[in-house]
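Peer 1: For reference, the structure I am asking about is given below.
The values are calculated or read from the model by the stated rules, or taken from the named source; none is laboratory data. Values in this document were obtained by computation on a predicted structure and should not be read as measured data. A quick note on method: Cβ atoms are made from the backbone with ideal geometry, for glycine too, and the neighbour counts reach across all protein chains shown. When the accessible area is computed, the model is the full protein with side chains, heavy atoms only, and any ligands, DNA or RNA have been set aside. Shrake-Rupley method; radii C 1.70, N 1.55, O 1.52, S 1.80 Å.
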Amino acid sequence: MITDKQLAHFLVYVYVCIAKSDFHLVDEEVSMIVSKLKKHEKYKHLDTESILQEALAEHASHTEDEMFRHISHYTQKICHTEADKQLLITDLEDIVEADGVVKDLEMTMYRRIKQILA
C-alpha cells in the first residue's frame, strides 16, 4: 500500500520533472509545486519542503530514461482513474505556465509525461 507521503513524493517528483525540463527551477514554479501539494487535504500534515528536497535529489540522480521509467512505474500504481490522470495533467499545465513563459523543452516534457499517463 502506498502511503500519503509516497504519493505526495511521486506528485512532487513529476511536478519537478516538468519544472526542471528547461534546466531552471524558478521561484514561481516552486511556489506552484508547493501550492499544488497543499491544495490536497491529505497532504497538509506533511513537510512539503522536505518532500520537495527529496524529489529534487531523486530527480537529479536519474537519467532521462530512468525518470520516464519511474513515472511510468508509479503512474500504474497511483493513477487508477481517468480523473486522477486528468488532475495530474491539469497540475502539470499550471506548472508549465507558472513563470509566464512556456518553453519548447517544457512542452516536450509535458507531452511525454501526458503520453505516459494515457
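Peer 1: Looking at (1) in contact with a Leu (Cβ under 8 Å, 6 or more places away or on another chain); (2) over 22 Å from LEU25 (Cβ atoms); (3) not aliphatic (A, V, I, L, M), can you tell me which one HIS73 breaks?
Peer 2: Evaluating HIS73 over (1) in contact with a Leu (Cβ under 8 Å, 6 or more places away or on another chain); (2) over 22 Å from LEU25 (Cβ atoms); (3) not aliphatic (A, V, I, L, M) leaves (1) as the failure.
One line per residue, one yes/no per condition, for (1) modelled with pLDDT of 90 or more; (2) in a helix (DSSP H, G or I); (3) open to solvent by 50 Å² or more (accessible area, probe 1.4 Å); (4) farther than 14 Å from TYR110 by Cα:
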residue	(1), (2), (3), (4)
VAL14	yes, yes, no, no
SER21	yes, yes, no, no
HIS45	no, no, yes, yes
SER50	yes, yes, no, yes
ASP65	yes, yes, yes, yes
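Peer 1: Something else about it: Counting only residues that are closer than 24 Å to THR108 by Cβ and of a type in the set (A, V, I, L, M), which one in region 1-12 is most open to solvent (accessible area, probe 1.4 Å)?
Peer 2: Top of the filtered list is LEU11.
Peer 1: Residue by residue through region 69-111, note down the ones that are open to solvent by 80 Å² or more (accessible area, probe 1.4 Å) and not charged (D, E, K, R).
Peer 2: So in region 69-111, the residues open to solvent by 80 Å² or more (accessible area, probe 1.4 Å) come out as 69, 73, 76-77, 80, 82, 86, 97, 104-105, 108, 111.
Selection gives HIS73, GLN76, HIS80, GLN86, LEU105, THR108.
Peer 1: Does LYS114 qualify as being on the phi < 0 side of the Ramachandran plot, touching a Cys at 6+ places or on another chain (Cβ under 7 Å) and open to solvent by 30 Å² or more (accessible area, probe 1.4 Å)?
Peer 2: Considered against the rule, which asks whether it is on the phi < 0 side of the Ramachandran plot, touching a Cys at 6+ places or on another chain (Cβ under 7 Å) and open to solvent by 30 Å² or more (accessible area, probe 1.4 Å), LYS114 comes out as no.
Peer 1: Among the residues of region 70-84, how many are charged (D, E, K, R) and under 12 Å from the mean Cα position of the chain (by Cα)?
Peer 2: From region 70-84, those charged (D, E, K, R) are 77, 82, 84; that's our starting set.
Within this subset, residues satisfying the condition of being under 12 Å from the mean Cα position of the chain (by Cα) are none.
Residues that pass the stated criteria total 0.
Peer 1: Taking interchain pairs and intrachain pairs at least six residues apart, which have beta carbon atoms under 9 angstrom, with the first residue in region 63-81 and in contact (Cβ under 8 Å) with a residue 24 or more places away in the chain and under 15 Å from VAL16 (Cα atoms) and the second open to solvent by less than 40 Å² (accessible area, probe 1.4 Å) and outside any helix (DSSP H, G or I)?
Peer 2: none
Peer 1: When you go through ILE95, ILE2 one by one, which is the residue that is in contact (Cβ under 8 Å) with a residue 60 or more places away in the chain, among the β-branched types (Val, Ile, Thr) and part of a loop (DSSP other than H, G, I, E, B)? Write out each step before concluding.
Peer 2: Working: ILE95 fails: part of a loop (DSSP other than H, G, I, E, B).
Just a single option satisfies the conditions, and that option is ILE2.
Peer 1: Could you list all residues from region 23-43 that are more than 12 Å from VAL96 (Cβ to Cβ) and either open to solvent by 60 Å² or more (accessible area, probe 1.4 Å) or in contact with a Pro (Cβ under 7 Å, 6 or more places away or on another chain) (or both)?
Peer 2: Those that are more than 12 Å from VAL96 (Cβ to Cβ) and either open to solvent by 60 Å² or more (accessible area, probe 1.4 Å) or in contact with a Pro (Cβ under 7 Å, 6 or more places away or on another chain) (or both): PHE23, HIS24, ASP27, SER31, LYS38, LYS39, GLU41, LYS42.
Peer 1: Say whether the condition of being in contact with a Cys (Cβ under 7 Å, 6 or more places away or on another chain), outside any loop (DSSP other than H, G, I, E, B) and either closer than 16 Å to MET109 by Cα or at pLDDT below 90 (or both) is met by at least one residue in region 32-40.
Peer 2: Filtering region 32-40 down to residues in contact with a Cys (Cβ under 7 Å, 6 or more places away or on another chain) leaves none.
Scanning region 32-40 turns up no residue that is in contact with a Cys (Cβ under 7 Å, 6 or more places away or on another chain), outside any loop (DSSP other than H, G, I, E, B) and either closer than 16 Å to MET109 by Cα or at pLDDT below 90 (or both).
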